[in-house]
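Here's the structure, in structure tokens; my notes come after.
None of the figures in this text is laboratory data; all of them are computed from the coordinates on show. Note that the structure is a prediction, hence the values are computed from the model and not measured. In this analysis, Cβ positions are derived from the backbone assuming ideal geometry, glycine residues included, and neighbour counts consider all displayed protein chains.
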Amino acid sequence: MDIFHRYEHAINWIVSLCPQPDKFAHTYAGLGIWLLTGLISRKPLSSLWSLLPVVVLELANEAMDRVAHGAWQGRDTVRDMAATWFWPFVLCFCLRAFPGLSRRASRQSPHLATPSENHVDGARAAVPAMRTADRDNIGRELTGGEPV
């Protein structure tokens with residue numbers, strides 16, 4: 001048995017573990033590859049580089065199928081590619097279009113910034129610091145005598 005038939009046998013076993021048609025396996029594989037790429041490369045999932053392994057590995061899978069079957073399975077090949085690529089592409093472009101969806105972008109948002117990251121520190125620096133003598137004078141004025 002050559003490598004192409006072994007590969008086909010392994011893929012058929014994986015597909016047998018998935019519910020209903022093999023398109024679920026393609027969907028799971030596409031999402032899994034996309035997420036693993038982000039984890040391993042430490043690049044954001046919104047990066048187009050995170051989609052590259054999904055595209056390359058699906059094309060390699062279809063090439064293996066073509067060799068194992070002896071011919072292209074036209075309609076099935078296109079459906080397999082669509083099932084594999086759909087969710088990674090949709091999620092990647094949503095993360096690009098709406099950067100507030102990612103955790104890193106929400107940390108950089110001025111509305112959610114911590115006090116050290118916003119203008120409060122700048123305002124504190126603009127207010128002159130009180131000297132000890134000034135505090136004593138205020139204390140006497142408020143209590144009507146010596147500071148407490």
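List of remarks:
- A simple packing score, the average count of other Cβ atoms within 10 Å per residue, orders the peptides 19-28, 78-87 as 78-87, 19-28, with the highest score first.
- Summing +1 for each Lys or Arg and -1 for each Asp or Glu among the other residues whose beta-carbon sits under 14 angstrom from that of Phe4 gives -2.
- Above 23 Å, the calculated P(r) of the range 1-97 contains 28 percent of its Cα-Cα pairs.
- Highest average packing first - 35-43, 60-68, Cβ atoms within 10 Å: 60-68, 35-43
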